[in-house]
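Comments concern the structure below.
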Amino acid sequence: MRCIWVLFWLFVLTVPAMAEFDSGNDLYRFCNSNDGFEKGLCYGLISGHFDNLHLAYQCKHSSAPNISRQQVVDIVMQALRQNPQERHLPAYLLSSRAMIRAFDCESWVGSGPAKR
């Protein structure tokens, strides 16, 4: 019975990770930091946003083999620098917008059930 209660409280008290947790201000700070952990968060978050972009959009230029992670980070950082009035918005939204514009993403892929 004790095990059940422990599992119950672990389940109840565990907060799910949310993509909206970090704002554009957070991402901007992470990417400009000299701290290795925060710099890793910057690259990790933007890499995740880039990977997720391919699940939802067809992008003309983003699947080229010569695109580097640094290039993608530079694209997002340029957008954050040029639009400080939007940095309070979720990081994934700002990051995705920047990549959609840069890589000419037009078509929504996930409009129907997945084909198996």
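Of everything in the range 7-35 that's in a loop (DSSP other than H, G, I, E, B) and modelled with pLDDT under 95, which residue is surrounded by the most Cβ atoms within 10 Å (Cβ to Cβ)?
Here the answer is Asp22.
Which residue is modelled with the lowest pLDDT, if the candidates are limited to the range 55-73 and must be in a helix (DSSP H, G or I) and surrounded by 15 or more Cβ atoms within 10 Å (Cβ to Cβ)?
For the range 55-73, the residue satisfying everything is Ala56.
Working only within the range 74-104, note down all residues that are in a helix (DSSP H, G or I) and either loosely packed, with under 12 Cβ neighbours inside 10 Å or among the charged types (D, E, K, R) (or both).
Across the range 74-104, the qualifying residues are Asp74, Arg81, Gln82, Pro84, Gln85, Glu86, Arg97, Arg101.
The values are calculated or read from the model by the stated rules, or taken from the named source; none is laboratory data. Note that this is a predicted model, so its numbers are computed, not measured. Note that each Cβ is placed from the backbone with ideal geometry, even for glycine, and that neighbours are counted across all protein chains shown.
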